[in-house]
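Have a look at the structure below, then the notes.
The values are calculated or read from the model by the stated rules, or taken from the named source; none is laboratory data. If you're wondering where the values come from, they're calculated on a predicted model, not measured in any experiment. We place every Cβ from the backbone using ideal geometry, glycine too, and count neighbours over all the protein chains shown. For accessibility, only protein heavy atoms count, side chains too; no ligands or nucleic acids. Shrake-Rupley method; radii C 1.70, N 1.55, O 1.52, S 1.80 Å.
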Amino acid sequence: MTTLHLTNARIIDPEGGSITQGSVTLAKGVIAAIGGAKPKGAVEIDCGGHHLAPGIVDIGVKIGEPGERHRESFRSAGLAAAAGGVTTVIARPDTNPAIDTPETLEFVTRRAAEASPVRIRHMAALTKGREGREMTEIGFLLDAGAIAFTDAFAVTSDAKVLSRAFTYARSLGALVIGHPQDPGLSKGAAATSGKFASLRGLPAVSPLAERMGLERDLALVEMTGVRYHADQITTAQSLPALGRAKAAGLDVTAGTSIHHLTLNEIDLGDYRTFFKMTPPLRSEEDRLAMVEAVANGTIDCISSMHTPADEESKRLPFEEAAAGAVALETILPAAMRLYHAGHIDLPVLFRALSLNPARRLGLPQGRMAVGAPGDLVLFDPDAPFLMDRFKLRSKSKNTPFDGQRMEGKVLATFVNGIQVHGA
């Protein structure tokens, strides 16, 4: 394995909250040194004064294998991730069939390792078929490599089934990832209730559906003691409950999606289906509250919630169109909007993009420290470009940022000390 010596870099340390000028040496798959002279025989890479940070650890990525390979394959997702500075993908189990048995999990793990240039770890379903009726064999799935358990957007309505699954997960130390929504209230919704949804005549859901779902889950966490992560907090009304749970010492963390940090309900415009998300985009007030919650640490993680959809499923009336957007390749430039607006500095951003997700999952990634994995991203936060969805490496092209002027380009990506993207 070639030793790489990355010089003239602005090194972002999300743990220490600092940015320093210096060099990083990658050897044998890890960060061998920060600073110091070039080791004998090492290949020197001049970073040109650009920023070097721990690679993004992205919780909640939808990949089409098995069952929907035409939307996204492990190969295309891995290439998109590398181009976006994502070095560890945490894949969702909402596949066809669902990843709910050790055999299915072993199959996708093997396929991912063969096809992807970046690391891919898999979550398994919490209930069989993600149907909310019977919990999966959590112990066997842990043994097969499941990193967490979730039914993704299929929210279990039966609290007794959920409490049993939480109790069993707690006994094994497994992490459960929930999608905070009241399933009855949110069923069939395409927008957030309010003046805008009314004017557009769209079926809508109150932001309270998220708070109700979160408080139900947090009550079960209190009862069972399970390790719990909320995948997307998107409304200001949910933040007090989250804060109380953390203050009470519950083992709870939360994330939000890059789209809910950078877009709002007005972006739906005249029924633009590329902006249809789950949960739906919120008000500008909610968006700003989420940005502040990331800045102050109430929300721990930022994820892409990458959800590929083909043209046929998006080119439909708004109510019928598939929800979700691809974001592996756009998560970093979208996050730079928060930096350039002065809302969040780069060390705090990478705490939410890299360090906190890795810590929550018990992974060694996300750190800029000697001995940490050599998973890094070199990027220019100021480089402007015009987003062209047809240049994305994902098989599906459903990005809400198509045609928009953006800033922030990934120049190189390193995984396990090897350059997997960039010249």
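Out of Glu137, Glu131, which single residue is among the acidic types (Asp, Glu) and more than 25 Å from Arg211 (Cα to Cα)?
Numbers: Glu131 fails: more than 25 Å from Arg211 (Cα to Cα).
Answer to the check: Glu137.
Restricting the stretch 351-370 to residues that are in a helix (DSSP H, G or I) and in contact with a Pro (Cβ under 6 Å, 6 or more places away or on another chain), which is most open to solvent (accessible area, probe 1.4 Å)?
Only one residue fits best here, namely Arg351.
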Discussion item. Quick check on Ala309: is it over 23 Å from Ile233 (Cβ atoms) and crowded, with 20+ Cβ neighbours inside 10 Å?
Written reply: yes
Discussion item. Can you pull out every residue in the stretch 325-343 that is part of a loop (DSSP other than H, G, I, E, B) and buried (at least 23 other Cβ atoms within 10 Å of the Cβ)?
Written reply: Val326, Ala327, Leu328, Glu329, Thr330
Response to the item:
Checked pairs for the stretch 356-385, first without any contact (Cβ under 8 Å) to a residue 40 or more places away in the chain, second surrounded by 23 or more Cβ atoms within 10 Å (Cβ to Cβ) and hydroxyl-bearing (Ser, Thr, Tyr), C-beta under 6 Å and 6 or more apart or across chains, list as none
Worksheet entry | Tally of residues being open to solvent by 40 Å² or more (accessible area, probe 1.4 Å) and either within 17 Å of Phe379 (Cα to Cα) or not in a strand (DSSP E or B) (or both) across the stretch 19-32 | 4
Worksheet item: If you check Ala321 against the conditions, is it in contact (Cβ under 8 Å) with a residue 24 or more places away in the chain and either in contact with a helix residue (DSSP H, G or I) (Cβ under 7 Å, 6 or more places away or on another chain) or hydroxyl-bearing (Ser, Thr, Tyr) (or both)?
Response: yes
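It is to be established whether one or more residues within the stretch 122-129 are open to solvent by 30 Å² or more (accessible area, probe 1.4 Å), at pLDDT 95 or above and farther than 30 Å from Gly417 by Cβ.
yes
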Discussion item. Which residue is surrounded by the most Cβ atoms within 10 Å (Cβ to Cβ), if the candidates are limited to the stretch 214-245 and must be of a type in the set (Gly, Ala, Ser) and in contact (Cβ under 8 Å) with a residue 12 or more places away in the chain?
Written reply: Ser238
Worksheet item: Which number in (1) at pLDDT 95 or above; (2) among the hydrophobic types (A, V, I, L, M, F, W, C); (3) touching a helix residue (DSSP H, G or I) at 6+ places or on another chain (Cβ under 6 Å) marks the one condition that Leu268 misses?
Response: (1)
Worksheet item: How many residues, within the stretch 371-411, are more than 30 Å from Gly29 (Cβ to Cβ) and assigned to a strand (DSSP E or B)?
Response: 7
Worksheet item: Counting only residues that are charged (D, E, K, R) and in contact (Cβ under 8 Å) with a residue 40 or more places away in the chain, which one in the stretch 386-419 is least open to solvent (accessible area, probe 1.4 Å)?
Response: Lys397
Discussion item. Only one of Gly255, Gly297, Gly342 is at positive phi, in contact with a helix residue (DSSP H, G or I) (Cβ under 9 Å, 6 or more places away or on another chain) and either of a type in the set (Gly, Ala, Ser) or touching a residue at least 60 places away in the same chain (Cβ under 8 Å) (or both). Can you tell me which?
Written reply: Gly297
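Hey, any hits in the stretch 33-40 for a residue that's closer than 25 Å to Leu349 by Cα, without any contact (Cβ under 8 Å) to a residue 40 or more places away in the chain and surrounded by fewer than 20 Cβ atoms within 10 Å (Cβ to Cβ)?
Yes, the stretch 33-40 contains at least one residue that is closer than 25 Å to Leu349 by Cα, without any contact (Cβ under 8 Å) to a residue 40 or more places away in the chain and surrounded by fewer than 20 Cβ atoms within 10 Å (Cβ to Cβ).
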Worksheet item: Residues in the stretch 45-70 that are touching a strand residue (DSSP E or B) at 6+ places or on another chain (Cβ under 7 Å), surrounded by fewer than 18 Cβ atoms within 10 Å (Cβ to Cβ) and touching a residue at least 40 places away in the same chain (Cβ under 8 Å): how many?
Response: 2
Discussion item. So if I check each of Val294, Val377, Val348, which one is within 30 Å of Ser23 (Cα to Cα), open to solvent by 10 Å² or more (accessible area, probe 1.4 Å) and among the β-branched types (Val, Ile, Thr)?
Written reply: Val348
Worksheet item: Can you find a residue in the stretch 378-394 that is under 22 Å from Met123 (Cα atoms) and within 13 Å of the chain's Cα centre (by Cα)?
Response: no
Item to complete: Six or more apart or on different chains, Cβ under 6 Å: which pairs go from a residue in the stretch 121-142 that's at positive phi to one that's acidic (Asp, Glu)? Could you list them?
Response: Arg130/Asp151; Gly132/Asp158
Discussion item. Can you tell me which residue is nearest to Leu361 (Cα to Cα) among those in the stretch 294-314 that are in a loop (DSSP other than H, G, I, E, B) and of a type in the set (D, E, K, R)?
Written reply: Asp300
Worksheet item: From the list Thr109, Thr7, Thr101, Thr2, which one is of a type outside the set (A, V, I, L, M, F, W, C), at pLDDT below 95 and open to solvent by 20 Å² or more (accessible area, probe 1.4 Å)?
Response: Thr2
